[in-house]
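The values are calculated or read from the model by the stated rules, or taken from the named source; none is laboratory data. Remember, predicted model here, so these are calculated numbers, not experimental data. We place every Cβ from the backbone using ideal geometry, glycine too, and count neighbours over all the protein chains shown. Only protein heavy atoms, including side chains, enter the accessible area calculation; ligands, DNA and RNA are left aside. Shrake-Rupley method; radii C 1.70, N 1.55, O 1.52, S 1.80 Å.
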Amino acid sequence: MVRTNTVQRPGGSDSGVVRIKGTRKALAMKTDCNGRYVYLNPRRGGQIAVAESARNVVCSGAKPLAITNCLNFGNPYKPDVYWTFKEALAGMGDACRILGTPVTGGNVSFYNENPKAAIFPTPVIGMLGLIEDVDNHLMNPLFKEEGDIIYYLGAPRTGLGGSEYLRHIHGLTTGDAPSLDLDFEARLQKLLLELIQSGKINAAHDLSDGGLVVALAEMAIFSGKGAEVRLDAKPTHAETIEQYYSEAQSGVIITVPASTQSNAPKQTGTSSAQSASSPANAFLQQCSDAGIPIIKIGVVKGDALKISDQIHIKVPDLKQVWAQTIPEAMESTVTA
């Protein structure tokens, strides 16, 4: 936050945004890393840290420019720690080269451990992005208008490795880190930035910790508006859980004004041949041309988050849990 030049505060958006005084430009900034991913797969975890922080600044309407970092690891004289450190840095380099975000600086913090174990390896990425016209291209994850159409844009939602679901529900940090196709990620970010700059979408929010359901809940909490979402039925409970809570990479939820989507089909992918004669078809064709699948999943509506007849929670109740969990935990600790 920088005095009155703060345009968008962190916490209720994908990144913080600060206006460059005297111009229409702004800087978007985001720090990101999931130590569970790096623990399970150091190289891919390093890639994901860069890709996700870049995706966050793109969701705010900014083009990623460069990164800094804060690399947190255990004792480097231990062979496993040193190997993890080396692989995580290699992964960061992979992603930076594909996304065009050079490393401008950073620091390293070693020896973060106790007598039993080291911390999860955590190479925190600080991503910097530029918004050329903050008055017209700034984006946030808030549901905007009743009737706006909700789409999922990106890669399939598969895999629970390293997920918050496994950690919180089952107490496990296991499996492999989510898969990541860096070329696909670069195309997704380029497409999303084009959609934002052309004014075709009303909201954008990337999927990360907690997966699809948590991302939808955040959009409802931040905006105070509900949504009705219907996902394709899955044959087993396990597959439904994966659909809801997978932390698969390269995924974004967007909303589109209903006025341009009245004739839009439910789903299109890389083989779509939609006519560009209507705004709806032009939007879908743009996604198809970029090779990014897009699926219509719901509509902004009411005061509750409803998902496939399985989840029905009032938005005020969601907001209460989101806002009060940490204060209640601190109060209980003090009381104890």
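At the residue level, Asp303 shows approximately 80 square angstrom of accessible surface with a 1.4 angstrom probe and all protein chains present. Accessible area per residue was computed with a 1.4 Å probe on protein heavy atoms; Asp289 scores about 120 Å². Descending by average beta-carbon neighbour count within 10 Å, the peptides 44-55, 177-188 line up as 44-55, 177-188, the highest first.
Stretching the chain fully between Asp183 and Arg3 yields a gain of 61.0 nm (0.36 nm per residue, less the alpha carbon separation). Using heavy atoms of the protein chains and a probe of 1.4 Å, the accessible area assigned to Lys314 is about 90 Å². If you take all other residues with their beta carbon under 13 Å from the beta carbon of Phe184, and give Lys and Arg +1 and Asp and Glu -1, the sum is 0. Accessible surface computed residue by residue for the stretch 139-248, with neighbouring protein chains in place and a 1.4 Å probe, gives 40 Å² per residue.
Sorting the segments 244-251, 57-64, 102-109 by their residues' average number of neighbouring beta-carbon atoms within 10 angstrom, most packed first, yields 57-64, 244-251, 102-109. Excluding Ser60 itself, calculate the net charge of residues whose Cβ lies under 12 Å from the Cβ of Ser60, where each Lys or Arg counts +1 and each Asp or Glu counts -1. Once all neighbours under 12 Å are counted, the net charge is +2.
In the chain, the DSSP-assigned H stretches of four residues or longer account for a calculated mean residue ellipticity at 222 nm of -12000 deg cm²/dmol, using -39500 (n - 2.57) per stretch and the full residue count as denominator. Round to a whole number: what % of the accessible area of the stretch 87-193 belongs to carbon and sulfur, probe 1.4 Å? Carbon and sulfur together cover 56 percent of it.
Net charge dipole, the stretch 19-85: roughly 440 debye, given to the nearest 20, about the Cα centre with Cβ charges of +1 for Lys and Arg and -1 for Asp and Glu. Along Cα→Cβ, 7 Å out, is where each label goes; now give me the distance between the ones at Ile311 and Asp133 in nm to one decimal. Placing both labels 7 Å beyond Cα along the Cβ direction yields 3.6 nm. Extension gain for the segment Ala233 to Thr325, taken as residue separation times 0.36 nm less the Cα-Cα distance, is 29.9 nm to one decimal.
Between the beta carbons of Lys190 and Glu113, assuming R0 = 56 Å, the FRET efficiency works out to 0.90 to the nearest 0.05. With both labels modelled 7 Å from their Cα along Cα-to-Cβ, the Asp303 to Ala66 distance reads 4.9 nm. Shown is the FRET efficiency for Arg97 and Thr335, computed with R0 = 56 Å from the Cβ-Cβ distance and rounded to the nearest 0.05: 0.65.
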